[in-house]
Amino acid sequence: MTNFLLNVDAGMIDWARAQFALTAIYHWLFVPLTLGLAVVMGIMETCYYRTKKPFWRDAAKFWQKLFGINFAMGVATGIILEFEFGTNWSNYSWFVGDIFGAPLAVEGIIAFFMESTFIAVMFFGWKKVSAGFHLASTWLTGLGATISAWWILVANSWMQYPVGCEFNPDTMRNEMVSFFEVALSPFAVNKFLHTVTSAWIIGAVFTVAVSCYYLLRKREQRLAIESIKIGSIVGLVASLLTAVTGDTSAYMVAKVQPMKLAAMEALYDGGKDQPLTIVSAVNPFSQPDYEKGGEPALKIAVPNVLSFLATHDFHGFVPGVNDIIKGGYKNAKGEIEPSLEEKIKRGQEAITALGEYRQSKANYKGKEMSDEVKAELQEKSDFIKANMKYFGYGYIKSADQIVPFIPINFWAFRLMVGLGTIFILFFMVTLFIVYRKDITTAKWLQICGIILLPLAYIASESGWLVAEFGRQPWTIQDMLPTWAAVSDLSSNSVALTFFIFLALFTTLLAVEINILCKQIKKGPEYSES
């Protein structure tokens with residue numbers, strides 16, 4: 001078991017990746033709505049607590065019911081997602097389980113405990129606990145879901161920016177040396193803020209879309225108008241925060257994942273004074289011939305903006321795909337970046353040293369080691385640790401293996417940013433009309449509100465596509481490629497479960513949509529007093 005990294009079988013990689021991507025995509029359909037609706041229903045119950053008007057209690061109950069339906073589906077897909085680390089990615093789990101498992105364990109202990117405890121009070125505690133305790137339970141349910149997202153994103157961020165760990169050649173595992181460095185890395189903090197605020201947008205768009213449906217149907221008008229006001233305020237604040245954190249995210253990606261940024265921009269040859277591409281004719285279905293250099297056809301760009309986003313200097317150097325492969329430029333740490341060839345060489349030397357270290361250990365198992373042998377082992381151990389940041393490159397055979405599929409990154413990034421801009425404009429216009437005009441007569445706006453709902457999900461999923469496709473081929477950035485992280489399973493087994501999960505998740509999604517639609521058509525239940 002402990003020698004798995006020295007004998008890699010890449011037979012089932014594609015199916016394992018496809019299954020994980022399938023599960024993550026479906027899971028991320030449910031989670032952002034949970035996080036977003038938690039804010040909306042919390043605000044509405046706060047209105048009830050302050051005003052004691054039954055309308056706000058009924059409104060809060062209505063949105064809580066929709067929250068509960070979605071919450072259950074998110075939990076189901078999330079549990080399957082975590083189990084896949086053990087089934088399909090057991091090599092990965094062994095290699096970094098000591099680190100990756102910690103945030104997941106904290107999530108289970110704290111976040112799940114909070115959610116499962118207070119969600120029961122939120123749904124069944126009306127008239128059984130005080131209004132203040134019930135309000136606290138509602139907010140704590142949302143806080144529990146948000147804390148859950150925090151630890152999941154800590155784990156994900158560590159894969160993209162591995163810090164706070166040290167490799168132990170005796171156990172063949174990376175071991176955590178600083179919990180706080182893992183939990184509070186700048187990458188994790190920014191990813192959490194960007195992801196959660198983008199989830200609030202989903203909740204806000206959902207709230208506005210349902211309300212627009214009621215206005216078009218000329219029913220539940222008070223609920224619709226008040227919900228549009230709250231949803232639009234939440235949506236506008238979240239959209240602006242998402243834009244700000246997105247800017248920080250781009251800066252961090254430029255520092256620690258320059259290849260991802262190059263793929264997002266279809267930047268083949270970098271340099272100083274780089275423009276930000278608005279759009280260009282990148283073929284969405286095939287990998288461009290980046291080796292030829294140059295730039296995509298019909299490129300429309302804003303001068304110097306990419307340099308500013310990536311380095312906070314309008315004249316800063318941004319490496320392109322070919323620069324990263326050739327190396328020789330000064331990276332974000334001020335060091336000369338090694339070429340891919342040099343990284344592969346160091347990675348292979350580290351793997352060889354690891355093999356020799358373990359063979360020596362096996363030869364002397366149960367025997368007394370001389371000082372000379374101990375010194376030799378220590379030297380190899382130090383060499384392995386010094387070159388651990390290139391360890392994964394030892395499995396790379398050619399340059400094309402470290403270049404992610406550029407078209408997906410390029411277009412998904414533009415979809416995300418473009419739709420995010422539309423949401424800001426939409427929420428601003430909606431707020432103006434709902435406060436200054438008669439929104440019940442603005443049918444065009446009501447139709448737009450409904451149309452934007454699927455677009456919000458497209459924007460959200462596009463963000464994840466950029467985050468995950470952009471870091472390929474790495475399971476752990478620069479440390480472990482996907483083909484060294486998979487389990488030793490038959491690809492047929494994983495393919496079979498892929499289709500089972502596809503059918504299961506599609507059914508779950510259809511069931512959720514069906515139940516949500518029925519509840520929305522039914523509308524809120526108004527109390528007598």
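The values are calculated or read from the model by the stated rules, or taken from the named source; none is laboratory data. This structure is a prediction, so every number in the text was calculated from the model and none was measured. Heads up, the Cβs are rebuilt from the backbone with ideal geometry, glycines too, and the neighbour counts pull from every protein chain shown. Note: areas computed on protein heavy atoms with side chains; ligands, DNA, RNA excluded. Shrake-Rupley method; radii C 1.70, N 1.55, O 1.52, S 1.80 Å.
The table that follows gives values for the structure above.
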quantity: Filter result (surrounded by 17 or more Cβ atoms within 10 Å (Cβ to Cβ), among the β-branched types (Val, Ile, Thr) and out of contact with any Gly (no Cβ under 8 Å at 6 or more places or on another chain)) within segment 400-449; calculated: 402, 403, 406, 408, 424, 434, 439
quantity: Residue match in segment 137-148 (condition: closer than 16 Å to residue 100 by Cβ and modelled with pLDDT of 90 or more); calculated: no
quantity: Count of residues meeting criterion [surrounded by fewer than 11 Cβ atoms within 10 Å (Cβ to Cβ) and farther than 22 Å from residue 317 by Cα] in segment 285-296; calculated: 3
quantity: Filtered residue count, segment 313-329, keeping only those that are open to solvent by less than 40 Å² (accessible area, probe 1.4 Å), at negative phi and over 28 Å from the mean Cα position of the chain (by Cα); calculated: 1
quantity: Near pairs, Cβ below 6 angstrom, 6+ apart or cross-chain, from segment 54-70 (within 12 Å of residue 38 (Cα to Cα)) to any residue that is aromatic (Phe, Trp, Tyr) and assigned to a helix (DSSP H, G or I); calculated: 60/48; 70/30
quantity: Filter pass, residue 112 being over 26 Å from residue 504 (Cβ atoms), in a helix (DSSP H, G or I) and over 18 Å from the mean Cα position of the chain (by Cα); calculated: no
quantity: Identity of the residue in segment 130-156, aromatic (Phe, Trp, Tyr) and under 30 Å from residue 187 (Cα atoms), that ends up least open to solvent (accessible area, probe 1.4 Å); calculated: 151
quantity: Subset of segment 355-364 that is without any contact (Cβ under 8 Å) to a residue 24 or more places away in the chain and within 44 Å of the chain's Cα centre (by Cα) - its residue that is least open to solvent (accessible area, probe 1.4 Å); calculated: 360
quantity: Out of 332, 310, sole residue that is in contact (Cβ under 8 Å) with a residue 60 or more places away in the chain, open to solvent by 40 Å² or more (accessible area, probe 1.4 Å) and within 23 Å of residue 477 (Cβ to Cβ); calculated: 332
quantity: Selection count where residues are open to solvent by 30 Å² or more (accessible area, probe 1.4 Å), under 24 Å from residue 457 (Cα atoms) and over 11 Å from the mean Cα position of the chain (by Cα), scope segment 174-192; calculated: 1
quantity: Scan of segment 82-105 for residues that are open to solvent by 30 Å² or more (accessible area, probe 1.4 Å), of a type outside the set (Ser, Thr, Tyr) and either outside any helix (DSSP H, G or I) or in contact (Cβ under 8 Å) with a residue 60 or more places away in the chain (or both), ordered by number; calculated: 94, 98
quantity: Those residues of segment 294-334 which are of a type in the set (Gly, Ala, Ser) and over 20 Å from residue 252 (Cα atoms), in sequence order; calculated: 294, 297, 301, 328
quantity: Within segment 239-270, considering residues that are under 30 Å from residue 43 (Cβ atoms) and free of Cβ contacts under 8 Å to residues at least 60 places away in the same chain, the one least open to solvent (accessible area, probe 1.4 Å); calculated: 245
quantity: Matching option when the condition is outside any loop (DSSP other than H, G, I, E, B) and more than 30 Å from residue 320 (Cα to Cα), among 489, 419, 453; calculated: 453
quantity: Residue 306 over 29 Å from residue 380 (Cα atoms) and among the hydrophobic types (A, V, I, L, M, F, W, C); calculated: yes
quantity: Output for segment 259-317, where each listed residue is basic (Lys, Arg) and under 24 Å from residue 327 (Cβ atoms); calculated: 260, 272, 292
quantity: Condition check for residue 291: part of a helix (DSSP H, G or I), over 27 Å from the mean Cα position of the chain (by Cα) and over 22 Å from residue 465 (Cα atoms); calculated: yes
quantity: Answer from 306, 298 - the residue that is out of contact with any His (no Cβ under 9 Å at 6 or more places or on another chain) and in a loop (DSSP other than H, G, I, E, B); calculated: 298
quantity: Breaking point among (1) touching a strand residue (DSSP E or B) at 6+ places or on another chain (Cβ under 7 Å); (2) β-branched (Val, Ile, Thr); (3) open to solvent by less than 50 Å² (accessible area, probe 1.4 Å), for residue 302; calculated: (3)
quantity: Selection count, segment 9-33, where residues are open to solvent by less than 10 Å² (accessible area, probe 1.4 Å) and either among the β-branched types (Val, Ile, Thr) or part of a helix (DSSP H, G or I) (or both); calculated: 6
